[in-house]
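Here's the structure we're looking at; comments come further down.
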Amino acid sequence: MGKTLKRSAAFAALARALAAGARGGPSLGARLAALPRMIRATGRGEYDGGLRLALMAGATAYIVSPIDLLPEIPLAIFGLADDAVMITWLAGSVLAETERFLEWEARRSSVIPGHVAP
């Protein structure tokens, strides 16, 4: 049941991110352009995306890896399903995290050093 909840959360994040873009949120291009900045900010310790980026990197490695938990050939559709779920989760995570990063970046640029933010 735990995996079902995680998958549901990933699909919900994907739906929210796609809907946000359709409602005037960040475009897909803006989100993709934010990825290198997000990685740099995380590496410098400025942004708290370390665990989420590590999970996304792991998902990417799983997708491109020739080693598969459920091989496609003997398991047919079930072998493809795990990859499809992973790709969907990764897409939703990237969209949601880049939106979160862009919001953080916008808030950060409006902060004046030495002043208390309301």
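Remark: pairs (first residue in segment 30-53, surrounded by 13 or more Cβ atoms within 10 Å (Cβ to Cβ) and among the aliphatic types (A, V, I, L, M); second residue modelled with pLDDT of 90 or more and not in a helix (DSSP H, G or I); Cβ separation under 7 Å; 6+ apart in sequence or on different chains) = Met38/Tyr47; Ala41/Tyr47.
Kindly establish whether Leu69 is out of contact with any Cys (no Cβ under 9 Å at 6 or more places or on another chain), modelled with pLDDT under 85 and assigned to a helix (DSSP H, G or I). No; evaluated as a whole, the condition is false for this residue. For segment 35-53, the candidate set comprises residues that are assigned to a helix (DSSP H, G or I) and not aliphatic (A, V, I, L, M); within that set, the residue that is modelled with the lowest pLDDT is Gly50. Listed by first and then second residue, the pairs linking a residue in segment 79-92 that is under 14 Å from Gly58 (Cβ atoms) to a residue that is of a type in the set (Gly, Ala, Ser) and at pLDDT 85 or above, with Cβ atoms under 7 Å apart and 6 or more places separating them unless they lie on different chains, are Met86/Ala59; Trp89/Ala59; Leu90/Ala59. Only one entry of Gly92, Gly79 meets the criterion of being surrounded by 12 or more Cβ atoms within 10 Å (Cβ to Cβ), among the small types (Gly, Ala, Ser) and at pLDDT below 85, and that entry is Gly79.
The values are calculated or read from the model by the stated rules, or taken from the named source; none is laboratory data. Keep in mind that this is a model prediction, so the values were computed, not measured. Glycine gets a Cβ as well: all are built from the backbone with ideal geometry, and neighbour counts include every protein chain shown.
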